[in-house]
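The values are calculated or read from the model by the stated rules, or taken from the named source; none is laboratory data. Worth saying up front: this structure is predicted, and the values here are computed from it rather than measured. Neighbour counts run over all protein chains shown; Cβ positions are idealised from the backbone, glycine included.
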Amino acid sequence: MATLNPPMAARLQSRHRSRQGGYVLLLSLITLLVIFLGFLYVLHGTFSDAQMTGNAVQRSKDMQASDLALRTLDHQIAQAASGGQALELAATSQPWWRAVPPGTAAPTAAYWGSCVGASNPANQCEQVTPPGGGSLPGNYQALAVVQPTGRTDSYSCQIAQYTAVYYDIFIHTAEPNGKTAADTETVYKLCVPTGS
C-alpha cells in the first residue's frame, strides 16, 4: 500500500477543515435568520395585541360615556313626558326630539356631523351634558336623538288604561380628539294614558 506523503495529507486535512468551517458558518447563518424571523413574528404579534387592547379599552370608555349620556337623556325624557303625553306631543320643542316618520333609519356619520343647532326638527340633535352643566368625564362629546318607532303595546305597562309607546334613542359618543367614537341605540318604553 502506498502511503501518502506528509505534505499531501496535510493539504487534504486542511481542505476538509475549510469545508467543515463553511458548513458550520452556513448552518449558523441559517439558524440566526430563523431566530430573527421568529423574533419579528413575536414582536409583530405583541404590537398587534397591544393595539387591539388599546382600541378595546378606548371603546369601553366611549360606551361608559354613552351610558352616562343615556341616564341624563332618560331624565330629560321623563321630565318632558311628565304631563302624561306621548313624546310626539310633549317633546316637540326639545333639541333631542327628531320629528321623523316612525321607522326612519338610524342617524349616519354625516348626520352626526351637522345636527347640532340644525333648524329642521328632522335633522337636529342635542349635545348631552350632565345635570348641573359641565361636560362628560374625559371631555367626551355625546350627541343624542330620540325618534318614534311606531310600536305600541297596550299590555306591557301593567296599568289599566295605559299604553306603552316605544322610542329609539340614538347616542353618538366621541372622544375629545375625535379618533374613536361609539354609536349606541336603545329602545325606550313610555307608558301613557290610552288615547293620548
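Out of the residues in region 63-90 meeting the condition of being part of a loop (DSSP other than H, G, I, E, B) and more than 21 Å from Gly132 (Cα to Cα), tell me which one is modelled with the lowest pLDDT.
Of the residues in region 63-90, the ones part of a loop (DSSP other than H, G, I, E, B) are 81-86.
Right, trim to more than 21 Å from Gly132 (Cα to Cα) and you get 83-86.
Numbers: Gly83: 79, Gly84: 83, Gln85: 87, Ala86: 88.
Selected residue: Gly83.
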State which residue pairs qualify: first residue under 19 Å from Leu143 (Cβ atoms) and inside region 54-65, second residue acidic (Asp, Glu) and buried (at least 16 other Cβ atoms within 10 Å of the Cβ) in any location, beta carbons under 9 Å apart, and separation of 6 or more residues or different chains.
Gln58/Glu175; Lys61/Glu175; Asp62/Glu175; Ala65/Glu175
Odd one out for Ala106 among (1) touching an Asp or Glu at 6+ places or on another chain (Cβ under 6 Å); (2) of a type in the set (A, V, I, L, M, F, W, C); (3) in a loop (DSSP other than H, G, I, E, B):
(1)
When restricted to Thr173, Thr163, Thr149, the only residue surrounded by fewer than 19 Cβ atoms within 10 Å (Cβ to Cβ) and within 20 Å of Trp97 (Cβ to Cβ) is Thr149
Based on what the data block shows, is Pro102 in contact with a Gly (Cβ under 7 Å, 6 or more places away or on another chain), surrounded by fewer than 16 Cβ atoms within 10 Å (Cβ to Cβ) and either farther than 30 Å from Gln161 by Cβ or not basic (Lys, Arg) (or both)?
yes
Between residues in region 157-176 that are touching a residue at least 12 places away in the same chain (Cβ under 8 Å) and residues that are part of a loop (DSSP other than H, G, I, E, B) and of a type in the set (Phe, Trp, Tyr), which pairs lie under 7 Å by C-beta distance while being six or more apart or on different chains?
Thr173/Tyr140; Ala174/Tyr140; Glu175/Tyr140; Pro176/Tyr140
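Identify, from the list Asp62, Asp49, Asp74, the residue that is in contact with a Ser or Thr (Cβ under 7 Å, 6 or more places away or on another chain), on the phi < 0 side of the Ramachandran plot and of a type in the set (Asp, Glu). First the steps, then the outcome.
On the way: Asp49 fails: in contact with a Ser or Thr (Cβ under 7 Å, 6 or more places away or on another chain); Asp74 fails: in contact with a Ser or Thr (Cβ under 7 Å, 6 or more places away or on another chain).
Selected residue: Asp62, the only one of Asp62, Asp49, Asp74 that is in contact with a Ser or Thr (Cβ under 7 Å, 6 or more places away or on another chain), on the phi < 0 side of the Ramachandran plot and of a type in the set (Asp, Glu).
In region 147-196, what residues are on the phi > 0 side of the Ramachandran plot and polar (S, T, N, Q)? Quick ask: steps written out before the conclusion?
First, the residues of region 147-196 that are on the phi > 0 side of the Ramachandran plot: 150, 158, 161, 178, 195.
Selection gives Gln158, Gln161.
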Per the filter on region 131-146, residues exposed (fewer than 15 other Cβ atoms within 10 Å of the Cβ) and either of a type in the set (Asp, Glu) or in contact with a Leu (Cβ under 8 Å, 6 or more places away or on another chain) (or both) are Pro137
Selection count where residues are more than 21 Å from the chain's Cα centre (by Cα) and not β-branched (Val, Ile, Thr), scope region 48-106
27
Filter result (at pLDDT below 80 and closer than 30 Å to Gly138 by Cα) within region 5-51:
Gln51
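Could you say which residue among Val165, Val145 is in a strand (DSSP E or B), modelled with pLDDT of 90 or more and out of contact with any Ser or Thr (no Cβ under 8 Å at 6 or more places or on another chain)? Lay out the reasoning, then the answer.
Working: Val165 fails: out of contact with any Ser or Thr (no Cβ under 8 Å at 6 or more places or on another chain).
Going through Val165, Val145 in turn, the sole match is Val145.
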Consider region 109-132. How many of its residues are in contact (Cβ under 8 Å) with a residue 12 or more places away in the chain and part of a loop (DSSP other than H, G, I, E, B)?
9
